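The values are calculated or read from the model by the stated rules, or taken from the named source; none is laboratory data. Predicted, not measured: the structure shown is a model, and the values here were computed from it. A quick note on method: Cβ atoms are made from the backbone with ideal geometry, for glycine too, and the neighbour counts reach across all protein chains shown.
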Amino acid sequence: MLGLKLLTDPRWANIAESNLEEILTDHAWCEQKAATNAITIITYNSEHEDLVTSMTEIAIEEMEHFKMVHDIIKERGYTLGRERKDDYVNQLYKFMKKDGSRNDAFIDRLLFAAMIEARSCERFRVLSENIKDEELAKFYRELMISEAGHYTTFLKFAKKYTERTDVDKRWKEWLDFEGQLIQNYGKKETVHG
Ligand SMILES: [Fe+2]
Ligand SMILES: [Fe+2]
């Protein structure tokens, strides 16, 4: 699925379902971080009109997702907890190239975003197919489709705007790195846990 090297063990969905308040809180913050990342891409690359247009749409969509998750939290009488640290994303962040040229860093930030979208999409699929809560199963199915669209958008812009990075080759390196990294996860009730 989306080139991912290792698929999530469906038993992770049972762990997630055992603590809905926690997974929903963590999920809400994932959406906020995705919106923030799209805004950061706009901030550093404002000269590309189509990119700015697309990142604006993504930032709005991610905050709509945040609102949807927050609405579910409220409906169910839960409380949105404090922002959660995302160890998985922090490890991906370390892998992202920050030196080299401005274009190198730009392209790798797009691939960093595509990587998170791909895994989030896969995790939403696992949730939608395995949890017993029908409202949430349907909700995660819709989000899975949306995040797959974001994944495609980030990769498309990486290929369009690269100056010297071989995007196909670098994307393979991302998939290999992530395939190793994800082996340490799948045990906690967080989106990437
Ligand atoms: Fe989202
Ligand atoms: Fe997304």
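Quick notes on this one:
- Some residue of region 95-116 being over 16 Å from the mean Cα position of the chain (by Cα), within 20 Å of Ile145 (Cα to Cα), assigned to a helix (DSSP H, G or I) and within 16 Å of ligand 1 (Cβ to nearest atom): no
- Answer residue from region 37-63, given it is polar (S, T, N, Q) and in contact with a helix residue (DSSP H, G or I) (Cβ under 8 Å, 6 or more places away or on another chain) and is nearest to ligand 1 (Cβ to nearest atom) among those: Asn37
- Taking the criterion of being closer than 15 Å to Cys121 by Cβ, out of contact with any Ser or Thr (no Cβ under 7 Å at 6 or more places or on another chain) and not aliphatic (A, V, I, L, M), the residues of region 13-37 that qualify are His27, Glu31.
Per-residue answers, yes or no, for (1) more than 26 Å from Glu61 (Cα to Cα); (2) surrounded by fewer than 17 Cβ atoms within 10 Å (Cβ to Cβ):
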residue: His150; (1), (2): no, no
residue: Ala158; (1), (2): no, no
residue: Glu163; (1), (2): yes, yes
residue: Lys169; (1), (2): yes, yes
residue: Lys172; (1), (2): yes, yes
residue: Leu181; (1), (2): yes, no
residue: Tyr185; (1), (2): yes, no
residue: Glu189; (1), (2): no, no
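- Phe154 satisfies every condition listed in (1) away from ligand 2 (no atom under 14 Å from the Cβ); (2) modelled with pLDDT of 95 or more except (1).
- Residue identified as among the acidic types (Asp, Glu) and either within 21 Å of Asp168 (Cα to Cα) or in a loop (DSSP other than H, G, I, E, B) (or both) among Glu83, Glu61, Glu21, Glu31: Glu83
- In region 43-58, of all residues being surrounded by fewer than 18 Cβ atoms within 10 Å (Cβ to Cβ) and part of a helix (DSSP H, G or I), the one that is farthest from ligand 2 (Cβ to nearest atom) corresponds to Glu49.
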